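In what follows, a structure is listed as structure tokens, so that the remarks can point back to it.
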Amino acid sequence: MIIHKSLNSIIFNNYLKIIFAFFILFSETIKANEDIIIGYASSLHNVMKEIIRDYEIQSNLKLKVGMGASGNIAQQIIRDAPYDIFISANKKWVDYLEKHQKIKERYLWISNSLSLIGSIKSIENFTLNQNERFCLADPKNAPLGIYSVEAINALKLNIPKNQIIFLKDAVSVRYYLSIKECDYAVTYSSDTFNFDKNIDIQSIPLNLYSDIAYEIGILKNNKQTKHFVNYLQQPNVLSKLRNHGFIIN
Amino acid sequence: MIYLDFTYQNPSLSMQIKVKTKSQIVFLYGHSGVGKTTILKMIAGLKQPQYGLIDIAGRRFFDASKNINIAPQLRNVGYVFQDLRLFSHLNVKDNITFGALKQNNFNKIIDLMNIHELLDKNIKSLSGGESQKVSIARALVKNPSILLIDESFHAIDKEYRDQLIKKLHHHIIENQIVTFLISHQLSDAKKYSAEIIKIKKEKGIVVAE
Amino acid sequence: MIALSDYEITVLLLSIKVASISSIITFFPSFIMAYLLATKNFTGKSLIDGLIHLPLVLPPVVIGFFLLIIFGKNGLVGDIFFSTFNIRISFSWIAAMIASSVMGFPLFVRSIRQSISEIDPKIIEAAQTLGANKIKILKKIIIPLSKNGIIAGFILSFSRSLGEFGATITFAGNIFGETQTLPLAIYSSLQDPDANLIVIRLVGISVFISMAALMISNRLNK
């Protein structure tokens, strides 16, 4: 009872403050409408965290982000997800959104390359042991999957179908590699830059798969989105991207 | 020989029972709620006294000083509960044969209780009197050496009741079944020369007289 | 009746296989656990009760993550399987089944426990005086009288398995013919802009099976 009483009196004595607090929370959400929401391919995850943090400090703007397989985000946009900027790991999903009149402007941005993970001595005589697994991103929704399948076919790697595991996206490939659920994998070179030193990494020649070009699609054309897209093209941002293993055109 | 000498205590009941008799049939009577049913449960093994012993027909069921406490299913007791406790998910026949071993007197008991036409019935469809008869039959089919009957005749027609008790008495004597009965019909007790034991409360303690 | 495609049949059969085997396997530990919780008092009971309910309250992805930690190649149990039998559990239909079982377990335990605790202890006393030991009481009294709870538990865990997504995709992946059950197939098709019709058909199949399971359970409960 004593607790009740004191709680009641706290609420009663401070109700103005409480209402004020609600008001601040509420106005926070109103203000949020002016923020920009960015959806980007999960292979950009690590570097985008840094870029966005820097940008927020510099511009005093709050950015909201959604990360996933490019196809996933594109599907969300078709279903009216409120993204303002979409950064895709391939051209196809930007084309798809353009066809549905969702894209106001598009820019080519940076490129990536592929690496083969796992101890492979010779590509010609490559065989998997019975219990080993080769992980790829799912070509159905992750562009990484499409490039990986092209590369695997061009390398003529002999992998039994039932030993291939298709994972959701680049982030999943990275995670399952880290817990050793995958013995081999193909993933973006940008994703291998802070891998464990014991893991064997070899890059796959660029001519064996389509260009991995990241495209920026602007979905809502306004001052904020323009400003951020400009920021993404600045030399210091590009050099950060290069450090993360991306290719700057 | 029946020898009960035990103390039982719980928050609502304090009991100190001493009964020693050579009679084969024991009538327990007294006010309702005085603790007669509790005594039957002690004999069946469903409740345990704190101190003392329970010894019936040469079998030591309970002896606190020697840590003896025979499990209820090993006491070979036939218990006709006041609230009957028939198994509603089984039919009459399956209820009656629930405790029966391969060697049993099913047919004899069905004749004795005269319940041939009930065998295939559902428990829920029985009348009060029929349920009591089924419950008595269930306790008898397993050839118990001790029979406990807790006011289980009141729903049976008066006319049929006397006849049934007579037949039951015959069966009990013939098979040498030690029987404890809770009943209000003292006239029956006298008729069948049973030991009558009054259960009453004295200074807050339940005792046998 | 619209004929099902080979793709749909594969997904459907796998879903039913995973759901039915996982509910059958879950039944035994669920029953034992429900029986203990309903009839016994022991130290740590509330802790165990809480642990059992974790899959109901935790995000399924978290459960999938725990399963990976336990059954993955580097996991406690997974390591034993890999080093002694050379078997990898994760990303196989066994993994999908384990994920389903774990998610269905609390539902199964809850419904059996409920019906066991509704059994009148007086009936059990009566059976004891009739010479029944614990096993006979279990077989003749407790199991028949908790039949409705057992059936409800089966249906609940079967349906939970048919709808299981998060734990399965994390622990078993989304492999066609091996771990791609109905919800995973629907998810995959949602990624494909040309697969709208497939999505609708798969959703239809899913609704149909769930309705059928509910109707069967209503029938059996009568």
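Between C:V199 and A:I159, take the C-beta separation as r, use R0 = 30 Å, and let me know the FRET efficiency to the nearest 0.05.
0.50
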Exercise. What share of all Cα pairs of chain C, in percent, falls into each consecutive 10 Å distance bin?
Worked result: 8, 28, 31, 21, 10, 3, 0
Problem set entry | Of C:N196, C:N174, C:N133, the one that fluctuates the most in a GNM where chain C has Cα springs shorter than 10 Å | C:N133
Exercise. In segment B:126-209, which trypsin sites (Lys or Arg not before Pro) fall in coil by DSSP and have 14 or fewer other Cβ atoms within 10 Å?
Worked result: B:K203
Exercise. What residues from segment C:169-192 fall in the zone where the backbone N is under 11 Å from a label point 7 Å along the Cα-to-C-beta line of C:I24?
Worked result: none
Problem set entry | Dipole magnitude of segment C:6-221 about its Cα centre (Cβ charges: Lys, Arg +1; Asp, Glu -1), debye to nearest 20 | 960
Exercise. Which whole-number value in Å³ per residue fits the convex hull of the alpha carbons of chain A?
Worked result: 197
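With a cap of 15 neighbouring Cβ atoms within 10 Å, and only residues DSSP puts in a loop, list the chymotrypsin sites (Phe, Trp or Tyr not before Pro) found in segment A:158-193.
A:F193
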Exercise. Using the Karplus equation 6.51 cos²θ - 1.76 cosθ + 1.60 (θ = phi - 60°), what ³J(HN,Hα) coupling, rounded to whole Hz, does each residue of segment A:73-81 give in order, writing x for Gly and Pro?
Worked result: 5, 4, 4, 5, 5, 4, 8, 6, 5
Problem set entry | Size of charge dipole - the protein assembly as shown - debye, nearest 20, with Cβ of Lys, Arg +1 and Asp, Glu -1, no other charges | 2420
Exercise. So what is the relative contact order of segment B:1-122, in percent, for Cα pairs below 8 Å that sit 6 or more residues apart?
Worked result: 19
For this session: Would you pull out the residues with amide H under 5 Å of B:K121's amide H, same chain only if 5 or more places away, H placed 1.01 Å from N?
Result: B:V92, B:K93
Exercise. For chain A, modelled as a Gaussian network with Cα springs under 10 Å, which listed residue fluctuates most, A:A151, A:A81, A:A185?
Worked result: A:A81
Exercise. By count of other Cβ within 10 Å, fewest leading, how are C:T26, B:T97, C:T39, B:T179 ordered?
Worked result: C:T39, B:T97, B:T179, C:T26
Exercise. Counting only DSSP beta bridges with both residues in chain B, what percent are antiparallel, rounded to the nearest 5?
Worked result: 60
Seminar exercise, completed: For segment A:28-100 the trypsin sites (Lys or Arg not before Pro) that pass both the DSSP coil test and the at-most-10 other-Cβ-within-10 Å test are A:R79
Exercise. Mind checking which lysines have their C-alpha under 20 Å from B:K167, skipping anything on the same chain fewer than 8 residues away?
Worked result: B:K108, B:K133, B:K142, B:K158, B:K190, B:K191
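From other protein chains only, count the Cβ atoms within 10 Å of every residue's Cβ in C:118-128, then give the mean.
Counting other chains' Cβ atoms within 10 Å and averaging over C:118-128 gives 5.
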Exercise. Would you list C:W93, A:W93 from fewest to most Cβ contacts within 10 Å?
Worked result: C:W93, A:W93
Exercise. Under the rule of -39500 (n - 2.57) per DSSP H run of 4 or more residues, summed and divided by the residues of the protein assembly as shown, what mean residue ellipticity at 222 nm is obtained, to the nearest 500 deg cm²/dmol?
Worked result: -15000 deg cm²/dmol
For this session: Tabulate in residue order the Karplus-calculated ³J(HN,Hα) for segment C:57-63, using 6.51 cos²θ - 1.76 cosθ + 1.60 with θ = phi - 60°, rounded to whole Hz; enter x for Gly and Pro.
Result: 9, 7, x, x, 4, 5, 4
For this session: Evaluate E = 1/(1 + (r/R0)^6) for B:Y51 and B:L74, where r is the Cβ-Cβ distance and R0 equals 22 Å; express this FRET efficiency to the nearest 0.05.
Result: 0.50
Problem set entry | Distance in nm between pseudo-label sites at A:Q202 and A:Q58 (7 Å out along the Cβ direction from Cα) | 3.9
Exercise. Between C:R219 and C:D6, what is the spin-label point distance in nm, taking each point 7 Å from the Cα along the Cα→C-beta axis?
Worked result: 3.2
Seminar exercise, completed: B:D5 and A:Q101 label points (each 7 Å along its Cα→Cβ direction) are spaced in nm at 10.4
Exercise. Between A:N125 and A:Y15, what length in nm is gained on full extension when 0.36 nm per residue of separation is reduced by their alpha carbon distance?
Worked result: 32.1 nm
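Throughout, read-outs are computed from the coordinates displayed, never taken from laboratory work. Since the model is a prediction, treat every value here as computed from it, not as a measurement. Cβ: placed from backbone, ideal geometry, glycine included. Neighbour counts: every protein chain shown.
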